[in-house]
1. Roughly to the nearest percent, how much of the accessible area of region 56-107 is carbon and sulfur, given a 1.4 Å probe?
2. Using packing as a proxy for protection, rank 96-103, 56-63 so that the peptide with the highest average count of other Cβ atoms within 10 Å comes first.
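The values are calculated or read from the model by the stated rules, or taken from the named source; none is laboratory data. What you see is a predicted model, and the numbers here were worked out from it, not measured in a lab. Backbone-built Cβ (ideal geometry, glycine too); neighbour counts: all protein chains shown. Surface accessibility is based on the protein's heavy atoms, side chains included, excluding ligands, DNA and RNA. Shrake-Rupley method; radii C 1.70, N 1.55, O 1.52, S 1.80 Å.
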Amino acid sequence: MMDGRPGDVEQAMGHEGPRLQLRPPAAGSPDTVRPAAGAETLDIAPGTIVVDTVTGGMGRVRTVAPNGMIRVEHPNGHTWKTCAIRAANSVERLNLLAADAAQASRFPRSEDVG
């Protein structure tokens, strides 16, 4: 089928009332699709503040594995792996930054102690 624009060949997938549902011919073929990994959906990088949507834990991304598993670290040093994250909102970011500051005041790094 042609959708009316020059050169745009589309495949009819179904219809909703009088309207056809069209897509490019190769789009969504079973051999080319896979679920997006947690890191791919957010385009995250190490240092990004995230929330684990399963446990509710907050922390900074430390590493992202090729299989989509994300290592997250809380300011208290606890780390865990997850594949279910979302970006932290502004309140969550402030809470994590406060936890960072509290942890730093309790346990100063050796290079910070004169």
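1. With neighbouring chains kept in place, the figure for region 56-107 is 57 percent.
2. Ranking the peptides 96-103, 56-63 by packing returns 56-63, 96-103.
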